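Shown next, in structure tokens, is the structure this report addresses.
The values are calculated or read from the model by the stated rules, or taken from the named source; none is laboratory data. Just so it is clear, the structure is predicted and the values come from calculations on it, not from any experiment. Cβ sites come from the backbone with ideal geometry, for glycine too, and all protein chains shown count toward neighbours. Side chains included, ligands, DNA and RNA excluded: accessible areas come from the protein's heavy atoms. Shrake-Rupley method; radii C 1.70, N 1.55, O 1.52, S 1.80 Å.
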Amino acid sequence: MGLELYLDLLSPPCRTVYIFAKKNGIPFEFKEVELMKGDHISEEFGKVNPVRKVPALKDGDFTLAESVAILLHLARKYKVPDHWYPADLEKRAKVDEFMSWHITTLRQHTGKAFWLKTMAVALLGKPLPPEKIEAGLQELHATLKQLEEVFLQDKPFVTGDKISLADLLSICDIMQSFGGGHDVFEGCPKLAAWRQRVESEIGVELFIEANGGIQDAKSFSEQKIPPEVAKRLMARLQHHLGQH
Amino acid sequence: MGLELYLDLLSPACRVVYIFAKANRIPFEYKAVALMKGEQLSEDFGKVNPLKKVPALKDGDFTMSESIAILQYLAEKYKLSDHWYPANLEKRAKINEFLLWHVNVVRPLMVKDFWLKIMAPTLLGRTAPAERLEAVAQEFSTVLDQFEKTFLQGKTYISGEEISVADVVSLCDLIQATCTGQNIFEERPKMAAWRRNVESHIGMELINEAQKVVLNAGSYSKDSMDSKGVEWLTARAQLLLS
């Protein structure tokens, strides 16, 4: 049967797993799970991941969820080049540290930007007032500053001279916040340069293949969302608007 | 100089590192960072961790933060018993999966619960609106159901018959929740059994030593704060309740 990856490229962690697998020539069957159609709520998908989130992995009888866990598993199993997740104790620890920090900060804040800018339009039919969006982006600006000043500094990549899982994970989440015509790298030339390097390492074609869909904010608002899914999405939007 | 661990035992993430290091007899120097006094914001501590958070580790010139990353580092460096963070591909993957789920889902909920019920009333002099508390209670119920059905599944420990980092991480956060009145263990016998297994393996003496401050409500009363502490804690409470 082989490795199956359950993904929706609209989701940043899915894009990270997709790019990583493709870049490293890891053979897999792409199992599409369309979040906007509620595929993740299906009973079938529940058997792959009872927590009902993507990405998810199935390898024979073995199933696994959580993007970082999946990335680490693939890196170890397929013995990818060392720079992705170094064997050296201290280098590896810095990648682990970054990924853990990322999950609780950058992922949350880029996600919020996406919901306030892109999903709000898709669900409400019109953009939120600019002040509301700007207020919601404060944390993102602060976190991007930390990314630049604490992690990246003057290095080419987040944890050193070579690209690692840290760069891949964060770039995919950051791409999510680009919707709504807002360039989050405006005024951050270091981060913009870092993005170019990461894109170049991954390969522009693969990068666009994975991230292209998210740039097309218009297609979101034109989607016909099933009512059950719309309800769940509205609840999430309200959460981001602080109405919870 | 040796290994230094920068900790405040009021923080569950710090308790995890403390318990893990002590249980495995890893020699370290305890460097207290009093969150209630805003010590994590000091310039000195900023040299250890520019993210200004605890726990943090310093080992010669090497510094790092993030509790789970620290556990992984310690397990590897001190060549601890395999069961803590198994080398086996699939066993390790499942533990990573749990740790990430916990960090993503459980810990933020615990933090929200603690701040809404304890820190906000202490600092802002008002309780959170009933609907918000009710929403948190609902989330708790869902999350604990997931813990029991998807992860624990009646096993002795989260990853099977042997204790791992997953159990230590999880227990420290869940006990924090009991401080806010969440009757997690009284209402869920399987979780109570799991808790007894973990505590029994680690030893109650160490568990009690680590939990002492957080179980004492006086530790987060205004008396234990100085002006710097009040400043950063109030800002955070306001952000959460806005």
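Does residue A:155 satisfy the condition of being in contact (Cβ under 8 Å) with a residue 12 or more places away in the chain and surrounded by fewer than 16 Cβ atoms within 10 Å (Cβ to Cβ)? So residue A:155 does not fit the description; no. The residue that is surrounded by the fewest Cβ atoms within 10 Å (Cβ to Cβ), counting only those in region B:88-128 that are modelled with pLDDT under 95 and not in a helix (DSSP H, G or I), is B:125.
Set side by side, the residues A:164, A:170, A:177 differ, and just one is of a type outside the set (D, E, K, R) and either within 14 Å of another protein chain (Cβ to nearest Cβ) or open to solvent by 60 Å² or more (accessible area, probe 1.4 Å) (or both), which is A:164. The residue that is surrounded by the most Cβ atoms within 10 Å (Cβ to Cβ), counting only those in region A:63-103 that are in a loop (DSSP other than H, G, I, E, B) and of a type in the set (A, V, I, L, M, F, W, C), is A:80. Once region A:186-207 is narrowed to residues that are touching a residue at least 12 places away in the same chain (Cβ under 8 Å) and either acidic (Asp, Glu) or outside any helix (DSSP H, G or I) (or both), the residue that is nearest to residue A:84 (Cα to Cα) is A:201. Every condition in (1) under 23 Å from residue A:159 (Cβ atoms); (2) loosely packed, with under 15 Cβ neighbours inside 10 Å; (3) not polar (S, T, N, Q) is met by residue B:43 except one, and the failing one is (1). Report yes if some residue within region B:54-66 is assigned to a helix (DSSP H, G or I), among the hydrophobic types (A, V, I, L, M, F, W, C) and more than 7 Å from every other protein chain (Cβ to nearest Cβ); otherwise report no. The answer is no, given that none of the residues of region B:54-66 is assigned to a helix (DSSP H, G or I), among the hydrophobic types (A, V, I, L, M, F, W, C) and more than 7 Å from every other protein chain (Cβ to nearest Cβ).
Checked against the criteria, residue B:131 does not count as open to solvent by 10 Å² or more (accessible area, probe 1.4 Å), assigned to a helix (DSSP H, G or I) and in contact with a strand residue (DSSP E or B) (Cβ under 7 Å, 6 or more places away or on another chain). Based on this model, can you work out whether residue B:84 counts as more than 24 Å from residue B:6 (Cα to Cα), buried (at least 21 other Cβ atoms within 10 Å of the Cβ) and not β-branched (Val, Ile, Thr)? It is false that residue B:84 is more than 24 Å from residue B:6 (Cα to Cα), buried (at least 21 other Cβ atoms within 10 Å of the Cβ) and not β-branched (Val, Ile, Thr).
The set of residues in region A:59-85 that are closer than 16 Å to residue A:27 by Cβ, basic (Lys, Arg) and facing chain B (nearest Cβ under 9 Å) contains only A:77.
Among the residues of region B:67-84, just one is under 9 Å from residue A:93 (Cβ atoms) and more than 7 Å from chain A (Cβ to nearest Cβ), namely B:70.
Screening the candidates B:95, B:68, B:118 for the property of being farther than 22 Å from residue A:96 by Cα and of a type in the set (A, V, I, L, M) yields one hit, B:118. The condition of being aliphatic (A, V, I, L, M), in a helix (DSSP H, G or I) and more than 13 Å from the chain's Cα centre (by Cα) holds for residue A:116.
Here is the figure for region B:147-198: residues that are in a helix (DSSP H, G or I), closer than 23 Å to residue A:65 by Cα and free of Cβ contacts under 8 Å to residues at least 12 places away in the same chain total 2. Only one of the numbered conditions (1) open to solvent by 30 Å² or more (accessible area, probe 1.4 Å); (2) part of a loop (DSSP other than H, G, I, E, B) is violated by residue A:26, and that is (1). Restricting attention to region A:118-152 and to residues that are within 14 Å of chain B (Cβ to nearest Cβ) and of a type in the set (Val, Ile, Thr), the residue that is surrounded by the fewest Cβ atoms within 10 Å (Cβ to Cβ) turns out to be A:150.
Looking at this structure, is residue A:56 surrounded by 18 or more Cβ atoms within 10 Å (Cβ to Cβ) and more than 9 Å from chain B (Cβ to nearest Cβ)? Judged against the criteria, residue A:56 is a match. Checked against (1) surrounded by fewer than 23 Cβ atoms within 10 Å (Cβ to Cβ); (2) touching a residue at least 60 places away in the same chain (Cβ under 8 Å), residue B:71 passes all but a single condition, namely (1).
Could we say that residue B:80 is of a type outside the set (S, T, N, Q), closer than 30 Å to residue B:181 by Cα and in contact with a Leu (Cβ under 9 Å, 6 or more places away or on another chain) here? So residue B:80 fails the test.
Residue pairs whose Cβ atoms lie under 7 Å apart, sitting 6 or more positions apart in sequence or on different chains, and linking a residue in region B:13-30 that is under 14 Å from residue B:58 (Cα atoms) to a partner that is of a type in the set (S, T, N, Q) and open to solvent by less than 50 Å² (accessible area, probe 1.4 Å), are B:17/B:67.
Taking region A:98-117, which residues are under 16 Å from residue B:107 (Cβ atoms) and either touching a strand residue (DSSP E or B) at 6+ places or on another chain (Cβ under 7 Å) or of a type in the set (Ser, Thr, Tyr) (or both)? A:100, A:104, A:105 - these are the residues of region A:98-117 that are under 16 Å from residue B:107 (Cβ atoms) and either touching a strand residue (DSSP E or B) at 6+ places or on another chain (Cβ under 7 Å) or of a type in the set (Ser, Thr, Tyr) (or both).
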